[in-house]
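This report refers to the structure that appears directly beneath it.
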Amino acid sequence: MTSSRKYQSSDKVRNEEPVFEGLEKKDHDKRIIILLILAPLWTLIFTIIPVVVKVKGIGADIYRFVEPIVSLPLNYFILASSEVFDNNSNSKPFVLGLSERGFLNVWFMVAAAFYAQGAGMHSTAILAKHWLQNLITEKPDIVTSYPEVNDMLYYFQTTLEHVVGHYMYAFGSALISWSHLFAYRRQVHKVIESKSRLAFWILGGVIYSLILGGVAIEFPKGTIVGLVYVLILGIPLGIYLFKTGDLLSKGKRLVLQSYLIGYIIGFFIIVIWVIAIGGFHDRKSAGILAN
């Protein structure tokens, strides 16, 4: 079998090139592990820094817009590294005449649209919120003269940023992760023998758990939604891996196990937060780093 498969039709021969070059390499598991670290790490950096480091100025707000520009390609590379995107994969119609590869591409595009729109709405709302907050700080009398300013601030801060933007952002991220789980559902990898590689692989799951925990703590009602999410996804995934005999293997289900690590640790992060705070409160309602 050559690197490109030829399909004979009644009128012409079409060469189909690999969607993601390099899948034929012996050690593309290493690339997947690197991507499983980089993708969540990039998102984590762009979500944690604005919370814990208060930098004033428009640059601090525009900084947030960069996140999806890099995180979306990284997540697509994870998807495209699956065997489904291999040239030798089955290209028969899967859904609505699309091959499984085509179906996953459409799935990812829809997920990316939600993710990018949510990220953009969230970041734009923050820009407007900070501008209004600065205006109120510099001219406090404006609230007395124009009480609608407080309504505008509430709209940008609560409705657009905390509710619509946050949850659209999170929904897109969830769709992306589900596309990974679906693409790798049957893929079996070599057992990880190297201790350093094993540590890096586990690290990817740990970083993902920090995103899950951080999102749950950050979003309104996020602790409840987060707990439900990790349980609904984590329990069936754990059962599936147990039935395949790969639950405790060293990376035989490289991507699926990485996500499971994230769900398990994310669950404990949320539970510890709820116990420490004394209820299902988000960060701002708990009065931690609230602004």
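Here, each number is a calculation from the coordinates, and none is a lab measurement. Model, not experiment: these values are computed from the prediction. When we count neighbours, we look across all protein chains shown, and the Cβ atoms used for this are built from the backbone with ideal geometry, even at glycine.
Can you give the Kirkwood hydrodynamic radius of segment 188-291 from its Cα pairs, in Å with one decimal?
Values: mean 1/r = 0.0690 Å⁻¹.
Computed over segment 188-291, the radius equals 14.5 Å.
When TYR208, TYR154 are arranged by Cβ crowding within 10 Å, least crowded first, meaning fewest neighbours, the order is TYR154, TYR208. 3J(HN,Hα) along segment 118-125, derived from phi through the Karplus expression 6.51 cos²θ - 1.76 cosθ + 1.60 where θ = phi - 60°, amounts to x, 5, x, 5, 4, 5, 5, 4 Hz, with x in place of Gly and Pro.
Here the Karplus relation 6.51 cos²θ - 1.76 cosθ + 1.60, evaluated at θ = phi - 60°, turns the backbone of segment 154-165 into coupling constants of 4, 4, 6, 6, 8, 5, 7, 6, 7, 9, 5, x Hz, with x for every Gly and Pro. The Cα atoms of segment 214-256 give a gyration tensor whose axes a ≥ b ≥ c have a/c of 1.5 or more with a/b greater than b/c, which makes the shape prolate. When each of GLU100, GLU193, GLU67 is scored by the number of other beta-carbon atoms lying within 10 Å, the sequence from fewest to most is GLU193, GLU100, GLU67.
With θ taken as phi - 60° and the Karplus curve 6.51 cos²θ - 1.76 cosθ + 1.60 applied, the whole-hertz 3J(HN,Hα) list for segment 207-218 is 4, 4, 5, 5, 5, 4, x, x, 5, 4, 6, 7 Hz, x standing for glycine and proline.
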